[in-house]
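Q: Can you keep this structure in mind? I'll have questions shortly.
The values are calculated or read from the model by the stated rules, or taken from the named source; none is laboratory data. In this text, all values refer to a predicted model and were calculated from it rather than measured experimentally. FYI the Cβ positions are ideal-geometry reconstructions off the backbone, even for glycines, and counts take in every protein chain you see. For the accessible areas, the whole protein counts, side chains as well, though only heavy atoms, and no ligand, DNA or RNA atoms are used. Shrake-Rupley method; radii C 1.70, N 1.55, O 1.52, S 1.80 Å.
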Amino acid sequence: MSELDPLPISLIAHTAFCPRRAWLEAAGEQVDSFAIEEGKHAHRNIDAAKNSRPAAQRSVDVSHTKLNIVGRCDVVEHADDGLTVVEYKSSPIRRKWQPTQAMRVQLALQGLCLKDAGRHVCGYRVFFPNSARSVNVDIGAKDEREAIELVTTTREVVTSPTAPLPLVDDPRCNGCSHVAICLPDERNSKPVRKQIRASDPSGETLHLNTPGARASLRRGRVLVSKAGEELASLPVNRIQGVVVHGNVDLSGALTREFLWRSIPVVWCSGRGRVVGFARSASSPNGLARSRQCRGEPGLSAHFARGFLSAKVANQATILRRLGQGGNSSLVSSLRLEQNRLSSALSVPEAVGIEGVCAKLYFGSFPMVLKRHGGYFQSRWPGRTGRGARDPLNSALNYAYGLLLSEVVRACLSCGLDPHIGFVHSSNRNKPALALDLMEEFRPVVADSVVVGAINNGELLPSHFSQTFGDSRILLPGRKALISAFERRVATVFTHPVYRYKVSWRRAIEVQARMVLGVIDGTQPSYEGIRVR
Ligand code: SF4
């Protein structure tokens, strides 16, 4: 937003509540909280200007030339003695029928706009439609003066390149719809006293993985069908991310609907390679994204230490947990390397140490398999990456593809560019940032999914095909891994830094926001998740 753009009155009201909230809104950070949905519902009838009557006009656009502000009054009532401005608000959570400071600011500015247009304003009211309560508000010259001061403050806040710091231990954060993206307590990298609240805790990732199926939109639901047979149907508003695996068709109307709702779609090949993604044109934090592209000096080495030392720490933990004590010297070696990595001075130095650790880790990785261990171990040539020639590498590749889709979604949701990385080179034409961020999650999410699926008997030798030295994971194996992966990312654990319970899916998103915080200057440092 530039200095010359008219300021929306709603943004000024946000400043009255919390300046950081106004900055986040101006940066395009939007959430679908229950209160916001309730507010939208409350406005459904009001917003239709056709419902206006001569005595009560609805959705009245107002502006003030000198203050350079614009807004919309929900209702303006006309009477002989003047106009009454009425704001519709969703019912307050604690059922206190008291207009907040932000509401008073909004009404005062709307009144000033009407006065600027030469009208006489004689009253102000807040109406709570869910409970049909009306509260008269006394707005005087003092309120108007304070509201005008807030116009100047808001302009300074929203044109600032960095966000104001979060409030500290402030009760306003409890009722703020933006708490899950603002992360006021987590920003200090200390234990968090209150449980985090995701904007949509029940949101699901939709995996479309039946070859030849088609997903389309019908009356607000996603309908998946194949050869005329309905395979699945679920409400589109339950979905927060979509992964399309292999040969599945997505209708144009459904793709457009996902983009309208800012739901990212990731396409993967049948082997789990991420082949592309679609993001909404409306993407938050454009300024931070341009900083990400510029890459401040020292940032790459800082992130390399954060991502890779957490990865090595987690590799050591996985071997310790699954190796039943047989790997103690290996675990100690990894811990030593992890400490060395934490003080690496450059990206090449960090990557070099991480490479040594990968050799150690994958050298004994198949030993943690209990079922069909001999089958997978005898074919294991060591970690080979894409183009796998053995079943275990091919399962790991598939799980890494699922993890990468999840990390891409997390980057997109906070406006980061998945292609501009700090450790992985952006020259390789890959989603480098997503590959960076997934490093710390590889052992504890993807590797542990593969080991768990094999040891539980969900992933079997018969789920792989071997043709001319090329190993492929077949559809039943892919389904088994997707379902094990979804269980894993939904698993709740105690966050090692914040000490609250959180799912792996949410933790990935929080880490993406921590990366954003370091880039936009509101976060002093990045700390990877290290499980114990
Ligand atoms: S969570 Fe707290 S600090 Fe963050 S925007 Fe909301 S009120 Fe402000």
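Q: Which residue, L345, L330, L369, has the largest displacement toward the positive end of the dipole of the range 300-394 when charges sit on each Cβ (Lys, Arg +1; Asp, Glu -1)?
A: The one lying farthest along the dipole's positive direction is L369.
Q: Can you compute the modelled spin-label distance between E204 and S503, with each label point 7 Å from Cα toward Cβ, in nm?
A: 1.1
Q: Suppose the Debye formula is applied to equal point scatterers at every Cα of the range 414-459; what is log10 I(q)/I(0) at q = 0.14, 0.19 Å⁻¹?
A: -0.46, -0.64
Q: List the aspartates and glutamates whose alpha-carbon lies under 17 Å from that of K430, not counting same-chain residues fewer than 8 positions away?
A: K430 reaches E406, D417, E439.
Q: Within 10 Å of each candidate Cβ there may be at most 14 other Cβ atoms; applying that plus a DSSP loop requirement, which trypsin sites (Lys or Arg not before Pro) in the range 262-349 survive?
A: Counting only loop positions with at most 14 other Cβ atoms within 10 Å, the trypsin sites (Lys or Arg not before Pro) in the range 262-349 are R273.
Q: Here is a follow-up. Only bridges whose two residues both fall in the chain count here: according to DSSP, what percent of them are antiparallel, nearest 5?
A: Beta bridges within the chain, antiparallel portion: roughly 70 percent.
Q: Now a separate question. Which trypsin sites (Lys or Arg not before Pro) in the range 53-141 pass both tests, a DSSP loop state and at most 11 other beta-carbon atoms within 10 Å?
A: Within the range 53-141, the qualifying trypsin sites (Lys or Arg not before Pro) (loop, at most 11 other Cβ atoms within 10 Å) are K66, R94, R95, K96.
Q: With all pairs of different alpha carbon atoms counted, what Kirkwood hydrodynamic radius in Å does the chain show?
A: Hydrodynamic radius (Kirkwood, Cα pairs) of the chain is 25.8 Å.
Q: Count the net charge of all other residues whose Cβ sits under 12 Å from the Cβ of H463, scoring Lys and Arg as +1 and Asp and Glu as -1.
A: After counting each charged neighbour, the total is +2.
Q: Which links in K96/K142; K311/K370; K96/K501 stretch past 29 Å when you go from one Cα to the other?
A: From the list (K96/K142; K311/K370; K96/K501), the Cα-Cα distance tops 29 Å for K96/K501.
Q: To the nearest 20 debye, what is the magnitude of the charge dipole of the chain about its Cα centre, counting +1 on the Cβ of each Lys and Arg and -1 on the Cβ of each Asp and Glu?
A: 1700
Q: Roughly what would the spin-label model give for T494 and N455, points 7 Å off Cα along C-beta, in nm?
A: 2.1
Q: Mind giving me the FRET efficiency for S251 and V275? R0 is 22 Å, r the Cβ-Cβ distance, nearest 0.05 is fine.
A: Computed FRET efficiency for S251 and V275 comes out at 0.70.
Q: Separate question: Give me the Debye-computed log₁₀ of I(q)/I(0) at q = 0.17 Å⁻¹ for the range 449-532, equal point scatterers on Cα only, no solvent, two decimals.
A: -0.79
Q: At 0.692 mPa s and 37 °C, plugging the Kirkwood radius over alpha-carbon pairs of the range 216-341 into Stokes-Einstein gives what diffusion coefficient in µm²/s?
A: 174
Q: Another question, then. Testing the spin-label approximation: label points 7 Å from Cα along Cα→Cβ at K66 and D138. State their distance in nm.
A: Once both label points are built, they end up 2.6 nm from each other.
Q: Also, quick follow-up: For a quick check of your reading of the filter: which chymotrypsin sites (Phe, Trp or Tyr not before Pro) in the range 87-170 sit in a DSSP loop and have no more than 15 other Cβ atoms within 10 Å?
A: W97
Q: Roughly how big is the range 87-143's charge dipole about its Cα centre, with Cβ charges of +1 (Lys, Arg) and -1 (Asp, Glu), in debye to the nearest 20?
A: Using Cβ point charges on Lys, Arg, Asp and Glu, the range 87-143 gives about 260 debye.
Q: Quick one: dipole size for the range 409-504, taken about the Cα centre, charges +1 on Lys/Arg Cβ and -1 on Asp/Glu Cβ, in debye to the nearest 20.
A: 200
Q: What is the local net charge at R320, summed over the other residues whose Cβ is closer than 10 Å to its Cβ (Lys, Arg +1; Asp, Glu -1)?
A: Residues near R320 contribute +3 overall.
Q: Another question, if that's okay. With a 1.4 Å probe and every protein chain left in place, tell me how much accessible area Y375 has, in Å² to the nearest 10.
A: Estimated to the nearest 10 Å², Y375 gives 60 Å².
Q: Over the Cα atoms of the range 331-429, how large are the radius of gyration and the largest Cα-Cα distance (Dmax), in Å?
A: 16.2, 45
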